[in-house]
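Structure, as structure tokens:
The values are calculated or read from the model by the stated rules, or taken from the named source; none is laboratory data. For clarity, every value in this text was computed on a predicted model and none was experimentally measured. Here the Cβ positions follow ideal geometry from the backbone for every residue, glycine too, while neighbour counts run over all protein chains shown.
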Amino acid sequence: MLLQYFLIIAILLASSNAGETRLSAAHSLSKRVSAVVEKVSLPMPVSTIPLREKYDIDTVIDYDHHYVTVEETIVYPNHTGRQLDSLTLAIAANLWPNCFSLANISVDGAEITGYVLNAHRLDIPLPTPLLPDSVSNIKMRYSLSLPYMDQANSQRARIFGYSDLQMNLVNWYPFIVPNINGEWIIREPWSHGEYLAYPVADFEVNVVFTNRQNEPVVASSGDAEQIGQFMRYTLTAGRSFALSASRDFQVSDIKVGDITVYSYYPPIYKSAGEAAMFATAQAIQVYSQKFGPYPHKTLSVVLADFSDSMEFSGLYFHSRKFYDLYDRTFANYLTYVAAHETAHQWWFEAVGNDQALEPWLDESLATYSESIYYETAHPELLSSWWSNRIDFFRPAGHIDIPVYDAQNDDVYKQIVYFNGAHFLQDLRVRIGDQAFFAFLQDYFTQNTGKIATSNDFFRVLDEHTNVDYSDIVHAYFKNR
């Protein structure tokens, strides 16, 4: 049935009117894709409740007109332990003017008209209550007119959209936010830091480009499989599916056991691109030994046409400015931040957190993981890492602040990232290496697939030490 689906789509593509504009073709193709999907889709048996959400996202991309049409199906198992009368979704793309256009929504076959879309929050009333341990199917049809990633006129790095180099689809699809103790976890966006909390979900993303003769190279979360003229990307137990496409990308790869690290970059950055790939591969080896197994089979490093780096499931963007600063050593920001973003596959991806209210749980740990990378892989550079990466900024302040409390991005990083690294180093010295690394491994194991809190952090810590560290907590935390 699946092969038949792709063959039908291929025929439709081949028969597209050559006189149509690419933009019209995208609209037309989207409608025909949707019609075919409706014909061949089968009802899902609900005798076995899925462990997690499933996102099937059929995507038609007009690369040249920066336009995307999508049909998305969400299989949502209610594991909240409560009856649900509505669902809340995050749609970050709706924060951009004239970007997100919602055509229709249906739940279990019933069209929904009474939904409320306000900024990045979508509330969907359910036609019938969703009982605990039951499943609902949500279908949505929408389009994205991508924004230009204008770095010069933005308060922070613009990651979603297109530039002269690339097209980035990040936080681009609606997703059901976590429901914890009856609360839908959706926070307000801010000028710096991350604000979304992600559930763990499975993804199947089918992608076709309208311009078949000049397709870009695509980097993505998850595994890629060519099916005829289409590409299917599959991500299991991931937080967020991201995709980047460019006609200028060159690709290098390296194996770490059964894990493949890919690096995407323009040819002029070949040396730096391969250095970022190598540092990432080293970091995977170090963190797998120190924390626990890497959660996926691939990790893609993508040169980013913006001024910051950013993590997603099985993929991270690495700022072009770090490639420009690469000096063919390991004592540079290309390597510092590669180690940091790789660590987010443990502290963000495997172990999630409320990034808006408790950002230290992933950012402090990811920053201190850089130290662990250097002391293991390049011990001769550990001292310079502390000097140049951390202490140069004279970090200070309580690290348990939400993203909304810092004055700006620089101050936020100095407190949460850099002073957070000092907290973990002081804690490690106090309780000893054996207890510290046993704690990190157990914290990873106990919270993989979950959204951890500060209480979880200290609960697991107390299971591994009887040493009094209360003075350290008092020095670094305001609310404990």
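Residues are listed down the side, and each one gets a yes or a no for (1) of a type in the set (G, A, S); (2) more than 15 Å from N179 (Cβ to Cβ); (3) touching a Pro at 6+ places or on another chain (Cβ under 9 Å):
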| site | (1), (2), (3) |
| --- | --- |
| E71 | no, yes, no |
| P77 | no, no, yes |
| G81 | yes, no, yes |
| A90 | yes, no, yes |
| L95 | no, yes, yes |
| G114 | yes, yes, yes |
| L117 | no, yes, no |
| P127 | no, yes, no |
(Q) Of all residues being in contact with a Pro (Cβ under 8 Å, 6 or more places away or on another chain) and modelled with pLDDT under 95 in the range 158-193, which is nearest to A406 (Cα to Cα)? Just the residue, please. (A) G193
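One line per residue, one yes/no per condition, for (1) in contact with a Phe, Trp or Tyr (Cβ under 8 Å, 6 or more places away or on another chain); (2) under 19 Å from I390 (Cβ atoms); (3) outside any loop (DSSP other than H, G, I, E, B):
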position: H422; (1), (2), (3): yes, yes, yes
position: Q425; (1), (2), (3): yes, yes, yes
position: V429; (1), (2), (3): no, yes, yes
position: Q434; (1), (2), (3): no, no, yes
position: F437; (1), (2), (3): no, no, yes
position: T445; (1), (2), (3): no, no, yes
position: V460; (1), (2), (3): yes, no, yes
position: H474; (1), (2), (3): no, no, yes
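Scan V429, V351 and give me the residue that is β-branched (V, I, T) and under 25 Å from the mean Cα position of the chain (by Cα). Before you say what the answer is, go through the steps one by one.
Values: V429 fails: under 25 Å from the mean Cα position of the chain (by Cα).
It is V351.
Can you report the number of residues in the range 165-180 which are in a loop (DSSP other than H, G, I, E, B) and either within 13 Å of A304 (Cβ to Cβ) or of a type in the set (S, T, Y) (or both)? Even if it seems obvious, please write down each step before you answer.
Of all residues in the range 165-180, those in a loop (DSSP other than H, G, I, E, B) come to 165-166, 170-174, 177-178.
Within this subset, residues satisfying the condition of being either within 13 Å of A304 (Cβ to Cβ) or of a type in the set (S, T, Y) (or both) are 165-166, 170, 173.
Residues meeting the conditions: 4.
Charged (D, E, K, R), assigned to a helix (DSSP H, G or I) and over 19 Å from N419 (Cβ atoms): does that describe E349?
On the way: charged (D, E, K, R): yes; assigned to a helix (DSSP H, G or I): no; over 19 Å from N419 (Cβ atoms): yes.
Spelling it out, it is not the case that E349 is charged (D, E, K, R), assigned to a helix (DSSP H, G or I) and over 19 Å from N419 (Cβ atoms).
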(Q) So for the range 263-285 (the condition being within 17 Å of V351 (Cβ to Cβ) and either assigned to a loop (DSSP other than H, G, I, E, B) or touching a Gly at 6+ places or on another chain (Cβ under 7 Å) (or both)), does at least one residue qualify? (A) no
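Residue check: is D133 within 24 Å of R52 (Cα to Cα), modelled with pLDDT of 95 or more and surrounded by 13 or more Cβ atoms within 10 Å (Cβ to Cβ)?
Working: within 24 Å of R52 (Cα to Cα): yes; modelled with pLDDT of 95 or more: yes; surrounded by 13 or more Cβ atoms within 10 Å (Cβ to Cβ): no.
No.
For the range 185-230, what are the residues that are aromatic (F, W, Y), assigned to a loop (DSSP other than H, G, I, E, B) and closer than 22 Å to T298 by Cα?
Going residue by residue through the range 185-230, those that are aromatic (F, W, Y) are 190, 195, 198, 203, 209, 230.
Okay, now just the ones that are also assigned to a loop (DSSP other than H, G, I, E, B), so 190, 195, 198.
Within the range 185-230, Y198 is the sole residue that qualifies.
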Q.
Which residue is farthest from D305 (Cα to Cα), if the candidates are limited to the range 142-157 and must be of a type in the set (A, V, I, L, M, F, W, C) and modelled with pLDDT of 95 or more?
A. L144
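Residues in the range 90-111: is at least one farther than 20 Å from S145 by Cβ and not in a strand (DSSP E or B)?
yes
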Q: Sort through Y368, Y336, Y404 and tell me the only one that's more than 25 Å from Y469 (Cβ to Cβ), within 23 Å of the chain's Cα centre (by Cα), of a type in the set (F, W, Y) and part of a helix (DSSP H, G or I).
A: Y336
Q. In this structure, does L87 turn out to be surrounded by 22 or more Cβ atoms within 10 Å (Cβ to Cβ) and outside any loop (DSSP other than H, G, I, E, B)?
A. yes
Q | Subset tally (residues that are under 18 Å from F306 (Cβ atoms) and crowded, with 21+ Cβ neighbours inside 10 Å) for the range 195-219 | A | 2
